[in-house]
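Note sheet for the following structure.
The values are calculated or read from the model by the stated rules, or taken from the named source; none is laboratory data. If you're wondering where the values come from, they're calculated on a predicted model, not measured in any experiment. Please note: Cβ atoms are built from the backbone with ideal geometry, for glycine as well, and neighbour counts cover all protein chains shown. Surface areas here come from the heavy atoms of the whole protein model, side chains and all, with no ligands, DNA or RNA. Shrake-Rupley method; radii C 1.70, N 1.55, O 1.52, S 1.80 Å.
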Amino acid sequence: MVQRNQMIRLKSEPEIAEIARGGAIIGELFAVLQDVVRPGVTTAELDRLSEDFIRSHDGAVPAFKGLYGFPGAVCTSTNAEVVHGIPSRRRVLKDGDIVSLDVGVRLNGWCSDSASTFTVGDVDAATRRLLEVTREALDRAIAAAVPGNHVGDIGAAVEGTVRGTGFAVVRDLVGHGVGREVHEAPQVPNFGRPGQGPRLLDGMVLAIEPMLTAGAESIRTLDDGWTVVTSDGSRSAHFEHTVAVTGERARVLTASARPVAAST
Ligand code: MG
Ligand code: MG
């Protein structure tokens with residue numbers, strides 16, 4: 001989706017503030033969804049609620065609706081689905097499921113992109129651990145996103161978090177720059193070597209998004225042309241924030257109004 005030679009477009013402070021306005025809507029939405037995700041809810045209902053919530057903010061639209069032809073407002077990926085799950089009235093969430101919700105907002109011509117994996121009812125300890133490690137990988141990746149570091153430091157932070165846990169990092173899907181478009185340069189892989197890849201500069205806005213599996217790293221796309229699942233049927237978790245590389249530490253532009261707990 002992102003061309004290798006594409007220019008990396010740096011953002012000014014006012015532009016970052018605009019992206020943060022849209023990002024805050026996603027943060028608020030996730031706080032709402034935390035109370036809505038429960039057994040018996042369909043992924044179509046989550047999609048509808050999310051679209052209504054986004055559009056209730058003046059000028060804001062769901063950035064994923066129609067993007068490359070995607071039919072939903074948000075991506076709803078359950079259990080072994082990694083990303084790009086299509087919301088459906090037939091997909092009723094059950095006790096013990098997990099569901100990753102990936103949301104994009106476009107506001108005043110600027111995009112933001114964030115994902116979170118939610119537990120449905122009572123979820124087994126191994127799955128809760130998968131979510132914890134994925135979120136920790138995101139936190140450590142964000143901490144590595146400082147001026148002077150390189151894109152490879154972000155991926156190395158993800159890999160370093162996951163090493164020894166028994167979980168695997170999905171390598172075929174990557175994070176990306178965010179701005180006027182949802183997907184801009186550079187690609188931000190969830191693996192890499194410190195000091196490798198493009199240098200991180202003040203004013204870069206990046207979507208950092210580790211995707212982990214409880215089994216092998218291999219993935220495939222279902223016949224619907226969208227839903228990406230783990231090849232071995234193991235469960236997958238996905239956490240994502242849009243961050244601005246500025247000053248001493250990256251600024252999270254899609255933070256939740258209150259902490260989104262994985263264990264509730
Ligand atoms: Mg996303
Ligand atoms: Mg993204």
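Scanning region 198-218 for residues that are in a loop (DSSP other than H, G, I, E, B) and surrounded by fewer than 16 Cβ atoms within 10 Å (Cβ to Cβ) yields Pro198, Leu201, Asp202, Ala216, Ser218.
Within region 64-78, the residues that satisfy the criterion of being closer than 20 Å to His238 by Cα and either in contact with a helix residue (DSSP H, G or I) (Cβ under 8 Å, 6 or more places away or on another chain) or open to solvent by 20 Å² or more (accessible area, probe 1.4 Å) (or both) are Lys65, Leu67, Gly72, Ala73, Val74, Thr76, Thr78. Looking at (1) under 23 Å from Gly72 (Cβ atoms); (2) away from ligand 2 (no atom under 16 Å from the Cβ); (3) under 18 Å from the mean Cα position of the chain (by Cα), which is the only condition Ala214 fails? It fails just one condition, (1). Scanning region 192-210 for any residue that is within 16 Å of ligand 2 (Cβ to nearest atom), touching a Gly at 6+ places or on another chain (Cβ under 9 Å) and acidic (Asp, Glu) turns up at least one such residue. The number of residues in region 1-59 that are modelled with pLDDT under 95 and touching a helix residue (DSSP H, G or I) at 6+ places or on another chain (Cβ under 8 Å) comes to 1.
In region 116-137, which residues are crowded, with 21+ Cβ neighbours inside 10 Å and of a type in the set (Gly, Ala, Ser)? Selection gives Ser116, Ala137. Please determine, by comparing only the residues of region 19-63 that are touching a residue at least 60 places away in the same chain (Cβ under 8 Å) and among the charged types (D, E, K, R), which one is least open to solvent (accessible area, probe 1.4 Å). Here the residue is Glu28. Taking the stated definitions as given, is Arg106 of a type in the set (Lys, Arg), under 26 Å from Thr221 (Cβ atoms) and under 13 Å from the mean Cα position of the chain (by Cα)? No. Among residues of region 123-134 that are under 17 Å from Val37 (Cβ atoms) and part of a helix (DSSP H, G or I), those with a Cβ under 7 angstrom from a residue that is modelled with pLDDT of 95 or more and small (Gly, Ala, Ser), sequence gap 6+ or separate chain, pair up as Leu130/Ala214; Leu130/Ala237; Leu131/Ala237; Thr134/Ala237. Of all the listed residues (Gly195, Gly152), the sole one being small (Gly, Ala, Ser), away from ligand 1 (no atom under 16 Å from the Cβ), outside any loop (DSSP other than H, G, I, E, B) and farther than 19 Å from Leu130 by Cα is Gly152. Of the residues making up region 80-115, those that are among the small types (Gly, Ala, Ser), part of a strand (DSSP E or B) and either open to solvent by 10 Å² or more (accessible area, probe 1.4 Å) or in contact with an Asp or Glu (Cβ under 7 Å, 6 or more places away or on another chain) (or both) number 3. The single residue among Arg193, Arg135 that is over 14 Å from the mean Cα position of the chain (by Cα) and either hydroxyl-bearing (Ser, Thr, Tyr) or at negative phi (or both) turns out to be Arg193. Whenever a residue of region 96-120 is closer than 21 Å to Ile16 by Cα, its partners that are among the aromatic types (Phe, Trp, Tyr), lying with C-beta atoms within less than 6 angstrom and at least six residues away or across chains, give the pairs Gly104/Phe64.
Select from region 97-118 the residues that are away from ligand 1 (no atom under 14 Å from the Cβ) and more than 20 Å from Val170 (Cβ to Cβ) and list them in ascending order. Leu107, Asn108, Gly109, Trp110, listed by residue number.
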